[in-house]
């Protein structure tokens, strides 16, 4: 995890989430980015409550996506450790909930114009 994120020293990595291009995640470390820095930035980027604009744009009322986001929100609150479920419930639906089951890190790729990186997420494998 402490390995450098690339062969050449990088101090900043702007990341877009495939399918959610408005979400910008920025990993940074003035001493040089490590894999840990990138994974921690991605984690933090999904622990953000949806804004009203994001909610309206991404989760239409009475939609399947709303039902899925609510299901993942309830599961996340229920399975939280250390009695923090009350704080999670108050925060509301977060970006992680909107991803549904597509939460497996599949990799990062540079966009064709080299302006940012694109985070690819996928579904967990089912079964052994």
Scanning the stretch 25-50 for residues that are exposed (fewer than 14 other Cβ atoms within 10 Å of the Cβ) and within 16 Å of residue 99 (Cβ to Cβ) gives 43, 44, 47
Residue pairs within 9 Å by beta carbon, gap of at least six or interchain, first lying in the stretch 4-22 and surrounded by 14 or more Cβ atoms within 10 Å (Cβ to Cβ), second at pLDDT below 85 and assigned to a strand (DSSP E or B), listed first then second, are 10/4
The residue that is surrounded by the most Cβ atoms within 10 Å (Cβ to Cβ), considering only those in the stretch 103-119 that are more than 15 Å from residue 41 (Cα to Cα) and in contact (Cβ under 8 Å) with a residue 24 or more places away in the chain, is 111
Picking from 106, 13, the residue that is farther than 28 Å from residue 126 by Cα and either modelled with pLDDT of 95 or more or over 12 Å from the mean Cα position of the chain (by Cα) (or both) would be 13
Meets criteria (assigned to a strand (DSSP E or B), within 18 Å of the chain's Cα centre (by Cα) and on the phi < 0 side of the Ramachandran plot) for residue 96: no
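The values are calculated or read from the model by the stated rules, or taken from the named source; none is laboratory data. Keep in mind that this is a model prediction, so the values were computed, not measured. Glycine gets a Cβ as well: all are built from the backbone with ideal geometry, and neighbour counts include every protein chain shown.
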